[in-house]
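Novice: Attaching a single structure in structure tokens format; questions to follow.
The values are calculated or read from the model by the stated rules, or taken from the named source; none is laboratory data. All figures in this text were calculated on a predicted structure; none of them were measured in a lab. When we count neighbours, we look across all protein chains shown, and the Cβ atoms used for this are built from the backbone with ideal geometry, even at glycine. Accessible surface areas use protein heavy atoms only, side chains included; no ligands, DNA or RNA. Shrake-Rupley method; radii C 1.70, N 1.55, O 1.52, S 1.80 Å.
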Amino acid sequence: ISLSAPQPLNPQAPQFIGKERRRRRAKMRSRGMGAKQPLGLQVLSLLVLYSAVTSATCPHFGAWLKPVGNVFNNLEGFVTLQVAPDAKSVVVSMQITALPFSSAIPQFQSVEIRGPARSIEVVPDGTAPLLILPQPSIDQAITSTYLTTVRRSAVDMEEFVEYLRQGLTYISVPTDREPGGELRGQLEVGHCLEASLMPSAGAPNMHAYGFVNVMIKQDRTAIAVLAQVPEDKTRALSMSPNNITISNAGNILVTVQPMSYESCVLGTFDGKKADGTTCNFGERHVYPAEINNANAASKVWNVMNPAAAHVISALEGQTAQVFYGTQTSMNMGMPGEVHGVLKTAIACRLLLGVHDNLFTVATSHMSDWLTVWSMNEGNPDVRPTLVPKYFGHPYQILKGETALAITRRYGMSE
């Protein structure tokens with residue numbers, strides 16, 4: 001059985017787990033124990049010890065990037081970080097945007113993940129970064145959003161994951177005008193919401209599908225929305241969406257841009273100024289569509305930073321609805337061809353990608369496909385993308401429980 005927790009352990013737990021694990025491992029080695037631990041128990045050990053990075057269908061960690069000082073304020077960004085199942089590497093996706101009123105875009109230096117430091121702290125001068133990420137580049141004539149996804153490994157991955165779990169890592173984006181970091185954001189475990197979007201009554205394709213995630217910042221001041229559609233034609237909408245909204249009780253909370261757009265004024269999406277005239281070429285900023293195919297290498301998030309308090313409260317209420325609207329649904333008088341309700345994401349699940357199946361999920365999580373199959377409904381030969389699948393049994397860690405108590409409960413040798 002594979003166990004994990006849908007919520008992070010308390011702040012003291014990571015330190016206890018790390019110290020206790022090392023102490024017990026040394027003790028067992030001195031007795032000649034632990035060399036032939038069964039595979040199932042290894043999986044259990046891994047997922048319990050790294051339970052704070054087992055986070056449902058959202059990325060494990062997110063960082064909302066904002067300007068550090070008050071001098072330059074025309075950039076923002078969003079970064080997600082996913083820890084590999086074996087905790088030997090991480091996948092980092094980075095999105096940096098020049099805002100519509102930007103007249104000057106700086107030269108970027110390599111982005112860094114730094115720590116250990118809390119949100120109000122900086123690491124001492126001369127401290128090497130924990131990870132070095134690519135150097136962003138924005139060409140306003142092409143696009144004002146930089147996107148990349150990379151896999152990286154830290155020199156000491158165990159220490160790095162420990163810092164992540166304790167909220168002691170941050171993203172720093174140095175530029176030529178702010179070499180110490182023009183943008184910064186603390187990596188944190190956000191509140192993850194998810195919605196599987198199903199066909200509305202009377203929709204032209206009763207197999208149409210979509211999936212949406214929402215990440216809410218811990219301090220409830222910002223959100224990020226990821227809207228996706230599958231690649232296979234059997235579950236496609238009748239045409240590309242032209243209207244994607246999240247609403248509650250008839251009030252629109254979030255509008256996701258389904259098509260690329262131009263803007264030179266914050267909050268406008270039609271390439272026009274406040275007076276209705278077209279943006280000049282030198283003022284024009286081009287932004288990508290915020291609807292993503294399932295197999296896209298880098299995906300575009302709709303980021304609201306800051307987000308209004310009433311928006312976050314409505315999202316947390318578990319009743320907000322997502323609609324993918326098309327011209328077809330508009331002609332039929334429907335708010336969307338597919339829709340769904342945002343709920344808190346269920347732990348120990350991941351979204352199947354184009355190249356995923358139960359075997360690859362099992363292998364990556366050091367399990368077997370029969371175990372994974374037993375936890376999920378449906379034909380094992382059918383593997384539709386963007387459908388959440390369990391890779392382990394969720395286990396809610398109760399107040400006062402420790403890693404040692406859990407291992408004893410399930411008869412683990414370590």
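Novice: Relative contact order for region 345-414: what is it in percent, counting Cα pairs under 8 Å that are at least 6 residues apart?
Specialist: 38
Novice: Using alpha-carbon positions, what is the distance between the centroids of region 152-224 and region 257-296, in Å?
Specialist: Each part's Cα centre sits 23 Å from the other's.
Novice: Report the label-to-label distance for Phe359 and Val286 in nanometres (one decimal), using points 7 Å from each Cα along the Cα→Cβ vector.
Specialist: 4.2
Novice: Using the per-residue mean of other Cβ atoms lying within 10 Å as a proxy for protection, in what order, highest first, do the peptides 221-227, 143-149, 327-333 fall?
Specialist: Going by the mean number of other Cβ atoms within 10 Å, highest first, we get 221-227, 143-149, 327-333.
Novice: Please give the residues of region 278-319, grouped as numeric ranges, whose backbone N is less than 16 Å from a label point set 7 Å along the Cα-to-Cβ vector of Asp219.
Specialist: Under 16 Å, as judged by backbone N against the label point of Asp219, lie 304-309 of region 278-319.
Novice: Would you work out which of Ala84, Ser313, Ser240 lies farthest towards the positive end of the dipole of the chain? Charges go on Cβ: Lys and Arg +1, Asp and Glu -1.
Specialist: Selected residue: Ala84.
Novice: So which residue, out of Leu404, Leu253, Leu352, gets the largest mean-square fluctuation from a GNM of the chain using Cα contacts under 10 Å as springs?
Specialist: Looking only at Leu404, Leu253, Leu352, the largest GNM fluctuation is found for Leu404.
Novice: For Asp139, what accessible surface area do you get with a 1.4 Å probe? Give it in Å², rounded to 10.
Specialist: Rounded to the nearest 10, the figure is 80 Å².
Novice: Can I ask one more? Ordering Tyr261, Tyr209 by accessible area with a probe of 1.4 Å, largest first, what comes out?
Specialist: Result, largest first: Tyr261, Tyr209.
Novice: For Gln166, list long-range residues whose amide hydrogen, built 1.01 Å from N in the peptide plane, is under 5 Å from its own amide hydrogen.
Specialist: none
Novice: Return the carbon/sulfur percentage of the accessible area of the chain, one whole number, probe 1.4 Å, all protein chains in place.
Specialist: About 54 percent, which is the carbon plus sulfur part of the accessible surface.
Novice: Zone of Val382 (label point 7 Å along Cα→Cβ, backbone N under 20 Å): which residues in region 288-308?
Specialist: Counting only backbone N, you get 294.
Novice: Quick one: Karplus J couplings for region 161-173, per residue in order, coefficients 6.51, -1.76, 1.60, θ = phi - 60°, nearest Hz, x for Gly and Pro?
Specialist: Values, residue by residue: 5, 4, 4, 4, 5, 8, x, 10, 10, 9, 8, 10, 10 Hz.
Novice: Report the far tail of the P(r) of the chain, meaning the percent of Cα-Cα pairs longer than 36 Å.
Specialist: Above the 36 Å cut-off, the chain has 29 percent of its Cα pairs.
Novice: Tell me the accessible surface of Cys279 in square angstrom (1.4 angstrom probe, heavy atoms of protein chains only), to the nearest ten.
Specialist: My reading of the accessible area for Cys279 is about 20 Å².
Novice: Here is a further query. Go ahead and run the numbers for FRET between Met366 and Asp176, Cβ-Cβ distance against an R0 of 51 Å, rounding to 0.05.
Specialist: According to the calculation, E is roughly 0.70.
Novice: On the full set of protein chains, 1.4 Å probe, figure out the accessible area of Glu337 and give it in Å² to the nearest 10.
Specialist: 0
Novice: Compute all pairwise cysteine Cβ distances in the chain, then list the cysteines with no distance under 4.7 Å to another cysteine.
Specialist: Singleton cysteines: Cys348.
Novice: Go ahead and run the numbers for FRET between Ser103 and Gln396, Cβ-Cβ distance against an R0 of 45 Å, rounding to 0.05.
Specialist: It comes out at approximately 0.30.
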